[in-house]
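Worksheet: the structure to be examined is printed underneath.
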Amino acid sequence: GIVYRTWRGHIGARGIKRTMPLRHVEEWVFDLDNTLYAAHHGLLRSIEDRICLFVQQELTLPEGDAWALQKNYYREFGATLSGLILRHGIDPERYLAFVNDVDLKLVPDPYLTAGLQRLPGRRVVFTSNCGRHAERVLKLLGIDHLFDDILDVRTADFAAKPMRAAYDAVLRRGAFAPHRAAMFDDMAVNLEIPASLGMTTVWLRETLPGPAKPDYVHFEAENLSDFLHAIDLTGPP
C-alpha cells in the first residue's frame, strides 16, 4: 500500500535515495501555478493583481471592495471567475485574456525536466486557469513536450477546484483510473476529493515543517524536482 510520509530535499541534490513508493502510478496530474513553478517567482500574485483590477473595472468598485469580492468568490466557488460568471454574467474569455496578460519571468529548469522525464505513463496539467496560459508557462519552462494534455477551467464548463464538478469533468476527459493516478497541488484543499476518489495526493509546500497535513494528503514536499527524483519506480506496484 501507499506509505504516507514527508519528503525533504534540496534543489540539485546528489545521490537522492528513491524511497517514495509510487510504482502503481501511471497517470501524473499536475496543478500549474505555484506547482510546476515555485511560488517565489511571484507570477500568481501578478495574476491576482490583474484579477482585482478586472473586478474593479467591470463592477465599478473601489480597490478594497474588489479585493474582498474577489476573495469571497474564490472561497465560495473555488475561483473568482466562477463567481463572476454566475453572479454577473461576465464573459470568461475576456476575463482570462485580461488576467493572464502578465510578464512570465520563467526559464527552463533541467533538473525539473529530468524529474518529469522519469515518470512512466501520461502527464497532464489540471489547472483552474486558462489552457493558453498553461501552454505559455510550459513552453517557457521547456517542458511542453513532456505533457499529453492540458485540462483547464473550460474542461469543467468553468467549474474550478476544489468543486467536485471540476474533478468529475477531468476524470471523464482524461479517462483516468483514479487508483493509478497521482495529483500534485500547492493547495491541500484541492487534494481532498482526489484522495476520496482513490488518487495518490502530493502537497507542494514552500516550507516544511508547517501546519499538520490533512489525512487526505499522502505526501508533502517542499520541492517538486527533488520529489520527482526521489520517486521509486522500480519493482512491482
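With a 1.4 Å probe rolled over the protein heavy atoms of all chains, the accessible area of Arg172, Arg205 falls in the order Arg172, Arg205, largest first. Sorting Tyr74, Tyr95 by solvent-accessible area of protein heavy atoms yields Tyr74, Tyr95, largest first, with a 1.4 Å probe. Quarter the surface of the alpha carbon convex hull of the chain and you get the mean projected area, 12.5 square nanometres.
In the assembled protein chains, Asp103 presents an accessible area of approximately 110 Å² (probe radius 1.4 Å). Modelled spin labels at Asp91 and Ala114, positioned 7 Å past Cα toward Cβ, are 4.7 nm from each other. Its Cα centre serving as origin, the chain has a Cβ charge dipole (Lys and Arg +1, Asp and Glu -1) of approximately 720 debye. Positive end of the dipole of the chain (Cβ unit charges, origin at the Cα centre): among Ala165, Pro108, Ser82, the Cα lying farthest that way belongs to Pro108. Accessible area per residue (1.4 Å probe, heavy atoms of protein chains only) ranks Glu76, Glu93 as Glu76, Glu93, with the largest value leading.
Net charge dipole, the stretch 36-93: roughly 200 debye, given to the nearest 20, about the Cα centre with Cβ charges of +1 for Lys and Arg and -1 for Asp and Glu. Placing +1 on the Cβ of every Lys and Arg and -1 on the Cβ of every Asp and Glu, with no other charges, gives the stretch 145-205 a dipole of roughly 120 debye about its Cα centre.
Restricting attention to the chain, the count of lysine pairs at 8 or more positions apart or across chains with alpha carbons under 24 Å apart stands at 6. Restriction of the trypsin sites (Lys or Arg not before Pro) in the stretch 91-167 to DSSP coil positions whose beta-carbon has at most 15 other beta-carbons within 10 angstrom yields Lys105, Arg118, Arg154. Rolling a 1.4 Å probe across the protein heavy atoms gives the chain an accessible surface of 46 Å² per residue. Placing dummy labels 7 Å off each Cα toward the beta-carbon, the span from His41 to Arg132 is 1.9 nm. Over the chain, Cα pairs under 8 Å with separation of 6+ residues give a relative contact order of 31 percent.
The values are calculated or read from the model by the stated rules, or taken from the named source; none is laboratory data. Note that the coordinates shown come from a computational prediction; the quantities given were computed from them, not determined experimentally. Positions of Cβ are backbone-derived with ideal geometry, glycine not excepted, and every protein chain shown enters the neighbour counts. Each accessible area value is taken on the protein alone, full model and side chains, heavy atoms only, with ligands, DNA and RNA left out. Shrake-Rupley method; radii C 1.70, N 1.55, O 1.52, S 1.80 Å.
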